[in-house]
1. Exactly one of these conditions fails for residue 76: (1) among the basic types (Lys, Arg); (2) under 18 Å from the mean Cα position of the chain (by Cα); (3) modelled with pLDDT under 85. Give me its number.
2. Taking into account only those residues within segment 97-122 that are in a loop (DSSP other than H, G, I, E, B) and under 28 Å from residue 50 (Cα atoms), which is farthest from the ligand (Cβ to nearest atom)?
3. Provide a single number: the residues in segment 59-78 that are part of a loop (DSSP other than H, G, I, E, B) and among the aliphatic types (A, V, I, L, M).
4. So which of 52, 56 is within 16 Å of the ligand (Cβ to nearest atom), surrounded by fewer than 14 Cβ atoms within 10 Å (Cβ to Cβ) and without any contact (Cβ under 8 Å) to a residue 40 or more places away in the chain?
5. Being part of a loop (DSSP other than H, G, I, E, B) and modelled with pLDDT of 80 or more is the filter; apply it to segment 7-41 and report the residue that is farthest from residue 99 (Cα to Cα).
6. Taking residue 101 and the conditions (1) surrounded by 10 or more Cβ atoms within 10 Å (Cβ to Cβ); (2) of a type in the set (Ser, Thr, Tyr); (3) over 30 Å from residue 81 (Cα atoms), which numbered condition does it fall short on, given that it satisfies the others?
7. Which of the residues that make up segment 59-69 are closer than 28 Å to residue 36 by Cα and either out of contact with any helix residue (DSSP H, G or I) (no Cβ under 9 Å at 6 or more places or on another chain) or away from the ligand (no atom under 12 Å from the Cβ) (or both)?
8. Tell me whether segment 73-96 contains one or more residues that are in contact with a Cys (Cβ under 6 Å, 6 or more places away or on another chain), within 14 Å of the ligand (Cβ to nearest atom) and of a type outside the set (Gly, Ala, Ser).
Amino acid sequence: MGESVRQITRRDFFRFSGVGFAAGLAISCKSKTVEKALPYLNAQEGLTPGVAQWYATTCQGCSASCGVLARSRDGRPVKLEGNPDHPMNRGGLCAIGQAQTRGLYDPARLKQPRVAGQDCDWKIPRRRSGRPIR
Ligand code: SF4
């Protein structure tokens, strides 16, 4: 083997791999838009900032409508647990049910009604349904 060809040792391999990993990590950690969740300006009565509240409700992930307990922080649901007192699921909650809070904060979530694939005003679906939409 000639003088110009250098053997890559195990130590060199790990050194180069470490540099590559660190560079990839630095690139992937580049900050994106910072979004802040602001607290209530006028808080609900009985709400203590930083203290979780629990509400009994039902999961809307499918037609089974399992009973859930929703943990809410500062007025925002953050976690769902199965309600052990509900006869449908007796405390169990499937993966779809566990992920239901993600839909609340999805940036792609619709922010207004759509008719025939087009954004529209709330008056149109109200008029079509013939009853008030809350
Ligand atoms: S927890 Fe699962 S099975 Fe129950 S309603 Fe939600 S999605 Fe359906």
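1. (3)
2. Our first condition is that a residue be in a loop (DSSP other than H, G, I, E, B); within segment 97-122, this holds for 99, 105-113, 116-117, 120-122.
Add one more test, that the residue is under 28 Å from residue 50 (Cα atoms), and what stays is 99, 105-109, 111.
Working: 99: 9, 105: 18, 106: 16, 107: 22, 108: 20, 109: 18, 111: 24 Å.
It comes out as 111.
3. First, the residues of segment 59-78 that are part of a loop (DSSP other than H, G, I, E, B): 59-66, 74-75.
Next cut, among the aliphatic types (A, V, I, L, M) only: 64.
Number of matching residues: 1.
4. On the way: 52 fails: within 16 Å of the ligand (Cβ to nearest atom).
The unique qualifying residue is 56.
5. 7
6. Tallying (1) surrounded by 10 or more Cβ atoms within 10 Å (Cβ to Cβ); (2) of a type in the set (Ser, Thr, Tyr); (3) over 30 Å from residue 81 (Cα atoms), residue 101 fails exactly one: (3).
7. At the first step, the residues of segment 59-69 found to be closer than 28 Å to residue 36 by Cα are 59-61, 68-69.
Scanning segment 59-69 gives a single hit, 69.
8. Going residue by residue through segment 73-96, those that are in contact with a Cys (Cβ under 6 Å, 6 or more places away or on another chain) are 88-89.
Now narrow it down to the ones that are within 14 Å of the ligand (Cβ to nearest atom): 88-89.
When the remaining residues are screened for being of a type outside the set (Gly, Ala, Ser), the result is 88-89.
Among the residues of segment 73-96, at least one is in contact with a Cys (Cβ under 6 Å, 6 or more places away or on another chain), within 14 Å of the ligand (Cβ to nearest atom) and of a type outside the set (Gly, Ala, Ser), which makes the answer yes.
The values are calculated or read from the model by the stated rules, or taken from the named source; none is laboratory data. This is a predicted model, so every value here is computed, not measured. Note that each Cβ is placed from the backbone with ideal geometry, even for glycine, and that neighbours are counted across all protein chains shown.
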